[in-house]
1. Quickly work out the residue B:197-to-residue B:412 label distance, labels modelled 7 Å from Cα along the C-beta direction, and quote it in nm with one decimal.
2. Let me know the Kirkwood hydrodynamic radius for region B:42-140, please, with Cα pairs as the basis and the value in Å to one decimal.
3. Running Debye on region B:304-346 with equal point scatterers at the Cα sites and no solvent, what base-10 log of I(q)/I(0) appears at q = 0.19, 0.27, 0.31 Å⁻¹?
4. Cα extents of region A:3-103 along the three principal axes, largest first, in whole Å?
5. Order B:376-383, B:432-439 from most to least packed using the mean count of other Cβ atoms within 10 Å.
6. Any idea how far the Cα center of region B:225-260 sits from the one of region A:23-71, in Å?
7. Over the whole of A:80-88, what's the average partner chain Cβ count within 10 Å per residue? Rounded to a whole number, please.
8. Restricting attention to the alpha-carbon atoms of region B:108-200, what are Rg (one decimal) and Dmax (integer), both in Å?
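Only the coordinates and a few stated rules stand behind these numbers; no lab work does. These numbers come from a predicted model, not from an experiment. Virtual Cβ from ideal backbone geometry, glycine too; neighbours counted across all protein chains shown.
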């Protein structure tokens, strides 16, 4: 399998993530979409590094970058879930369209 | 790559970061210690560490550029903007201390999160490495999301935090995807190495490939700077969070994002831009596209911000739209893609800092008196609180861009830069929007001074600390551009970016 196979999967993941966030059906759904976007980027980083022209000897920045992103994704999920939990206890819903107390 | 600096030598370059890190640990531990404490002590502790970091930064203002630990870049632009965020957080903490409507809830966490955001900003402005830039952006972002939702039983705050975290995480995810594409094209996260590769690519006529990654990265920056069409979160979030936190989001987080954007564009695309001699400049079709993209965003942002502000009655919402409009003005300087343009954008960011911090301080001052954050709550208060009232008029005049305030000169520099960069329609639009903004800023001044308070006017106590801060910021809004050392540093810092 070549680079383009990985990039195609990455692009698909990215698009699926975007659609999940844009559909706004359910907040958990939205958070899953956000994770997919980060993982799409991660897949790109790792694949680009692996298929780097001239080999990946001594050049692991893509792989290491991906590890950083995984850590950040965990932190982000923790904060986002805490906020969603708080919203749920105050609004008793996790449908994004119903959470609209502030008006212009 | 091997670095000539030894570990201990390198450590002295990041002492400000170390100071803030120690500070945030101290604040967190202090909050966890048993025993009765007053919430104020955490704020004083944070202020102390911020002052230490600021002192260390001032020492480093004239240091030559260096890259330490392979990723952290210490140069004038970084140091100037680290000072910017440190002092902005200092003001925010002072606002918080002076706020009389204390709830006491989540205070320790607020101070901790403000320091974390400062640390993230340090890395955001102080790196040429796109992965570290992303990490800095996320450290700043995650702290801001938590700050927005810190009051657990506040419905507005919870909604604001939710909107902020969803849109923010989406924008930074899209930015990361763009970074991954850039990494694939150039084989490196280093902006300087990317620039070298992009020059080669442009010579081979392949610079059109750059459009998609650039667009994706601009989504991330556009969100942080609240540029059209990524500005939807700003009014809801500013209205929902406490006033000091709103001031932090409007000033601190926007300022450092602008610095990172200037660095990203000026360094990564340095081979494709039209700078003067001593740089790699060579104009390509991509340059034209980039100018078009940035200038359209700038124009749409100022139009949207100023027109939407016209019908607002909540002060924080109004200031949110006003800060969207100002992000448009600042982006206009970047869009010209000239050295003069970058310099005027950086200079205006400093002026914006004075005026907008002041405006949010004003909201806090008068909300403490009247208990309301609506324009109608200001009625007649200007005469009862002359110091804050006059300071408010200075901020409003500066935000409108009336002479003799620094806001006028800052805007003048921006318009000159855009005009000579070939963006004449944008310069004219700025002038037109400044006239429009007069209407809504004048409504605030009118409520303060020209409206009769009526019988039910509350007889609030003066708040000398906050009044003093407002006076300081008002002096800054009037005279900032005459204060040459800082301005020189800002202007000089851009020069160090594009000559290498």
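1. Label at residue B:412, label at residue B:197, 4.5 nm between them.
2. Here the Kirkwood hydrodynamic radius works out to 14.2 Å.
3. Debye intensities relative to I(0), on a log10 scale: -0.57, -0.78, -0.91.
4. For region A:3-103, the Cα spread along each principal axis is 56, 23, 20 Å.
5. Those peptides, ordered most packed to least, come out B:376-383, B:432-439.
6. Spelled out, the Cα-based centre of one part sits 27 Å from the other.
7. 6
8. 16.2, 56
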